[in-house]
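The values are calculated or read from the model by the stated rules, or taken from the named source; none is laboratory data. All of these numbers come straight from a predicted model, not from anything done at the bench. Neighbour counts run over all protein chains shown; Cβ positions are idealised from the backbone, glycine included. All accessible areas refer to the heavy atoms of the entire protein, side chains included, with ligands and DNA or RNA removed. Shrake-Rupley method; radii C 1.70, N 1.55, O 1.52, S 1.80 Å.
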Amino acid sequence: MERAPGVVEKVAALLRGLSTAESGTTTTALAAATDQPRATTHRLLESLAAEGLADRDPQTGRWFLGPETYVLGMAAATRYDLTNEARASVLRLAKETGESAFFSVRRGDETVVLLREDGDFPIRSYVLYESARFPLGVVSAGIAILAHLPDREIDAFLARVDLTAEWGPQHSAAAIRRRLAATRRTGWSLNPGHVVEGSWGMAAAVFDKTGRPEWALTLTGVEQRFRRDRQPVLGRLLLEEAHRLSRLA
């Protein structure tokens, strides 16, 4: 029997929802996005606001993350965050390739984009953006991270999720396992337009001090820029920067 979410799960869902709402969000929209009753959402948001974890614009009524989340994030950054070091890697990747470069972090069964830098090629993919969240195994960052987890963790993840319902048959467990195997062979992952047709991505995992994949560097662009003969070049650049960051973690 599935357990109903407790208060902590509900609050966590609201905070994650606020983190992806760059222009703020309404109580009604946040309730729908987190699958919670509007009255419950409003009550929890008011409580979060009282603690500084949520903030409401008095003019528009839209909700945002509160100032206390910034303080908490800064306190956690010394242990979990490579963002400052990753800025240089993301900038180099964008400059050397002309594509859009990203740095993402693993959060449970998802990846969250932390940094973006656009290269000088005029046609870009807009699938990824800062604060975007995707399940492991969907975009190239999640494929790269999932591929380097222990087999038992991969098996457990694929047993508890069904990505085909939202992302289509190309995200069946068998299809994902094939992409994971390819990633382990090359070191870098490839997403050949499986999220948005014509929008391709490649990624390399970044490892923490214990050897676990906790972050990823990504390059995205249009299909023509990720032709087969260019993929090893882009993969090498990703791996070089990923290895550099792994040494700093």
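Based only on the alpha carbon positions, what is the Kirkwood hydrodynamic radius of region 137-249, in angstrom?
Working: mean 1/r = 0.0705 Å⁻¹.
Answer for region 137-249: a Kirkwood hydrodynamic radius of 14.2 Å.
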*Mind putting together the pair-distance distribution for region 1-137? All Cα pairs, 5 Å bins, whole percent per bin, short to long.*
2, 9, 15, 19, 18, 15, 11, 7, 4, 1, 0
*Considering Cα pairs under 8 angstrom that are at least six residues apart, work out the relative contact order of region 204-249 and quote it in whole percent.*
51
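Using the heavy atoms of the protein chains and a 1.4 angstrom probe, tell me the accessible area per residue for the chain in square angstrom. Walk me through the intermediate numbers first.
Values: 13160 Å² over 249 residues.
For the chain, the per-residue accessible area is 53 Å².
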*Note down the nm distance, to one decimal, between modelled labels 7 Å out along Cα→Cβ at R178 and at H243.*
3.0
*Give the relative contact order (percent, whole number) for the chain; include only Cα pairs under 8 Å separated by 6+ residues.*
15
*Cα pair distances of region 156-199 binned at 10 Å [whole percent]*: 26, 51, 22, 0
*Highest-MSF residue in the chain out of F103, F226, F157 [GNM, Cα springs under 10 Å]*: F157
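Computing the accessible area with a 1.4 Å probe over protein heavy atoms, can you report the carbon and sulfur percentage for the chain? Before the final figure, lay out each step's value.
Working: 7090 of 13160 Å².
Of the solvent-accessible surface of the chain, carbon and sulfur hold 54 percent.
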_If R₀ is 35 angstrom, what is the calculated FRET efficiency for the pair D162 and E223, using the beta carbon separation as r and rounding to 0.05?_
0.80
*Among (1) 43, 43, 36; (2) 59, 38, 33; (3) 55, 42, 37, which one is Cα extents along the principal axes in Å computed from these coordinates?*
(3)
*Length gain on complete extension for the stretch T83 to T186, per 0.36 nm per residue less the alpha carbon to alpha carbon distance?*
34.6 nm
*To one decimal place, what orientation-averaged projected area in nm² is obtained for the convex hull of the Cα set of region 57-200?*
11.3
*Pull out the extension gain between H42 and E9, defined as 0.36 nm times the separation in residues minus the alpha carbon to alpha carbon distance; nm, one decimal.*
10.3 nm
_Just to be sure I understand the model, the point goes 7 Å from the Cα along the line to the Cβ. What's the resulting Y129 to Q170 distance in nm?_
2.1
